[in-house]
Amino acid sequence: MSFEKKLSRLEEIVQKMEAGEMTLDESLKLFEEGIKLSRECFNEINTAEQRVKKLVAVSEDGSPVLEEFEEKQT
Amino acid sequence: MSNVSKNKIQGSWDHLLTEIDPPKTDQTPDRSDSVSEITLPSTVDRRIQTPVSSSFVKKDKTSVFEEGRQKVYTVSEINRVIKKQLEGQHPKLWLKGEISNFKAHGSGHYYFSLKDSQSQINGVMFKTYNRRLPFQLENGMEVVAFGKITVYEPRGQYQLFCENMEPAGAGALAKAFEQLKKKLKTQGFFDEDKKKSLPPYPREVAVITSPTGAAIKDVLNVLTRRSKRIQVTVIPTRVQGDGASQEIVKAIQRVDQLNYFDVVILTRGGGSMEDLWCFNEEEVAKAIYYCQVPLVSAVGHEIDFTISDFVADLRVPTPSAGAEIVSQGEQELREKLGFFNQSLKRSFHQRIFNNKKQIVFYQKRLVSPEKFLRDCTLRVDDWSQRLIQSSVRFTKNLRLKIQLKRKELRDPLNKLQKDRDKEKYLKKQLFWLMEQKLLHLKKDFQKKIRLLESLNPLGVLDRGYGILRSKGRVIQSVKDLSPNHLFLGKGAEPKTSKQKNTEIEVELKDGFISAEILKIKEKEKL
């Protein structure tokens, strides 16, 4: 599931939980799913590694050709 | 020359060249002594005469005006020569000046002059060239013009043949900026509804900027601080000077074609209007407009506004701001995730808590059989207690009654005797009462008799009184007698006086007296 999809599913779950009209079984399942999703999203924004690259060319298949970008001193 | 004008010229010089004879034509003129100070501008009419000094006379007493007479040019010839020389000597050049005498010909060609504080030069820009101008020429505008010096032979004029022109100087630049801004706006390039919204959580971010400038440093600083998730790709371009706008256009098109980036930041640091001019070029504006990837324009400082700012999907005042806006979503997301987590836990626990409460509640209400039994037992105890008590009382009462009754039943003689006694007593009572009554009656009767006796009229007689009667009727008052002494009595009819004096009878206790009334005298009332 893409990041955005995970987020919107999480929001959906939170709203449902707050509305509260579910069986105990359902609310247990949703709670689990919600906690899991929120953990995953949190991880994605916290443990990602940022890379800075520069575009050098475009390859034949249309994907970018990237190289390390070094900040030069002016 | 006509005779008239020739005479004119001769005439005016005559008084100065009286001693000078025209030189022999085989003499070549000595150019080193010639005076060539007269260089009239080509547009000045040659018929305008200037005063001539004696310095035009050479040492050998020949006139300078005789130089080169062996070759007399025609106008066309000389113009052609000039054209060749002028055009051959000057390659294409850039010329700076102020526009004046601007005329847009009906043909679409522009004719104007370029001047500075001291001189001016003609200019022409043909339609093919001038229609590419992004701005409108106006008198007074400072420009740099690119072209070639050419000569228009038929008129003997030289001019700058313009192929390209750019506004120069702040005023001109500002004007050109306004013109382009207006033009693009009316063409709809700035329309708000065409602007795309930025993705909230972009991952691949392209940055079109100089790789060595301050802008990229700022952008990277902000992005590394605010987000780990964002992957940055720098697309190096020039951001100033010739060719910069083309590079920028190419970079934007690359981003568009690659279909790889979520958002692109077009940025450079601060500078003058000239420095930032490439961001005002029409081609850059169009490239931004047609780019499918959301584009943020972060050019210059807060006060700088460029055309790219207006066309872009979002304008931010500085490069750092561009980085911030792009990572904004992620910042807010951290908070949001925190809230979601809390909310999830809270609502879950709340729900469980509510369920627990319900259970307890029902539990309480659920009556255990023991309790029920206990309650019943208590009640039964209570009732049975009361029942016993009341029945005891009842039986007690009943027993008493029975006792009494029994007692009565056991002594019937006693009762009889009692009744008899009672009878006797009552009888006695009765007789006594009767006696009493009789006695009382007797006494009463006696009393009455005595009274009666005392009232016996005849008793009165005993005391010495007498009763008077007339013919058997009692005479009580003197009025009962008529003057004739006849008895009237009550209800008696008056009798005639024929009768004699009334004979009255007097009864005394022991006999009767007959008498005659002699006289009546009524008592006086008191």
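The values are calculated or read from the model by the stated rules, or taken from the named source; none is laboratory data. Small disclaimer: the values here were computed from a predicted structure and weren't measured. Reconstructed Cβ throughout: ideal geometry from the backbone, glycine too, with neighbour counts over all protein chains shown. The area values use the complete protein model at the heavy-atom level, side chains included, leaving out ligands, DNA and RNA. Shrake-Rupley method; radii C 1.70, N 1.55, O 1.52, S 1.80 Å.
Shape annotation for the protein assembly as shown: C-alpha extents along the principal axes are 249, 97, 36 Å, from largest to smallest.
In this structure the amide hydrogen of B:ILE235, modeled in the peptide plane, comes within under 5 Å of the amide hydrogens of A:LEU55, B:VAL207, B:ILE208, B:THR209, none closer than 5 places in sequence on its chain.
Over 22 Å, how big is the tail of the calculated P(r) for region B:120-278, in percent of all Cα pairs? Before the final figure, lay out the partial values.
Numbers: 7394 of 12561 pairs.
Taking all Cα-Cα pairs of region B:120-278, the fraction more than 22 Å apart is 59 percent.
Among B:VAL232, A:VAL58, B:GLN331, which residue has its Cα furthest toward the positive end of the charge dipole of the protein assembly as shown, with +1 on Lys/Arg Cβ and -1 on Asp/Glu Cβ? Value: B:GLN331. When both region B:182-231 and region B:301-341 are represented by their alpha-carbon centers, they are found 8 Å apart.
Residues of region B:317-344 that bury at least 30 Å² of accessible area once all protein chains are present, compared with their chain alone (1.4 Å probe, heavy atoms only, ligands and nucleic acids left out), are B:LEU333, B:ARG334, B:LEU337, B:PHE340, B:ASN341, B:SER343, B:LEU344.
Taken one residue at a time, the phi angles of region B:349-356 give Karplus couplings (6.51, -1.76, 1.60, θ = phi - 60°) of 5, 4, 5, 4, 4, 4, 4, 4 Hz. Gly and Pro are set to x. Per-residue ellipticity at 222 nm from helix content only, as computed over the protein assembly as shown with -39500 (n - 2.57) for each DSSP H run of at least four residues, stands at -15500 deg cm²/dmol. Packing here is the average count of other Cβ atoms within 10 Å per residue, and on that basis the peptides B:168-178, B:244-254, B:409-419, highest first, run B:244-254, B:168-178, B:409-419. Considering only B:VAL360, B:LEU451, B:PHE431, and ranking their Cα positions along the charge dipole of region B:331-468 that arises from unit charges at the beta-carbon of Lys, Arg, Asp and Glu, the one farthest toward the positive end is B:VAL360. Ignoring ligands, DNA and RNA, how much accessible area is buried between chains B and A, both sides summed, with a 1.4 Å probe, to the nearest 100 Å²? Roughly 3800 Å². Over region B:267-329, all Cα pairs binned in 5 Å intervals from 0 give whole-percent P(r) values of 4, 21, 29, 25, 15, 5, 1, listed from short to long.
Across the alpha-carbon atoms of region B:269-380, the computed radius of gyration and Dmax are 33.4, 109 angstrom.
Roll a 1.4 Å probe over the protein chains and send me the accessible area per residue for the protein assembly as shown in Å². Write down the numbers at each step before the final one.
Numbers: 41990 Å² over 600 residues.
Heavy-atom accessible area per residue stands at 70 Å².
Mind running the shape call on region B:179-231? Use the C-alpha gyration tensor, a ≥ b ≥ c as the square roots of the eigenvalues: rounded below 1.5 for a/c, prolate if a/b tops b/c, oblate otherwise. Taking the square roots of the gyration eigenvalues as a ≥ b ≥ c, region B:179-231 is oblate. In units of the rule-of-thumb radius 2.2 N^0.38 Å, region B:138-227 shows an alpha carbon radius of gyration of 1.85. For trypsin sites (Lys or Arg not before Pro), the sites in chain A that DSSP calls loop and that have at most 11 other Cβ atoms within 10 Å are A:LYS72.
Averaging the Cα positions of each part gives two centres, and for region B:418-484 and region B:63-85 these lie 211 Å apart. Take each residue in A:22-28, count the other chain C-beta atoms within 10 Å of its C-beta, and the mean is 2. Amide H contacts of B:GLU163 (H built 1.01 Å from N, in plane; Pro and chain starts excluded): B:PHE146, B:GLY147, B:LYS148 sit under 5 Å, all sequence-distant by 5 or more or on other chains. Computed over the alpha carbons of region B:66-124, Rg followed by Dmax gives 16.3, 46 Å.
Counting only protein heavy atoms and using a 1.4 Å probe, what share of the accessible area of region B:185-278 belongs to carbon plus sulfur, as a whole percent? Write down the numbers at each step before the final one.
Values: 1840 of 4060 Å².
Carbon and sulfur atoms account for 45 percent of the accessible area of region B:185-278.
Straight-line cross-link reach from B:LYS437 at under 27 Å between alpha-carbon atoms covers these lysines, not counting any fewer than eight positions away in the same chain: B:LYS422, B:LYS424, B:LYS427, B:LYS428, B:LYS447, B:LYS448.
Could you work out the percent of alpha carbon pairs in region B:198-345 separated by over 28 Å, rounded to a whole number? Looking at region B:198-345, the distances longer than 28 Å represent 17 percent of pairs.
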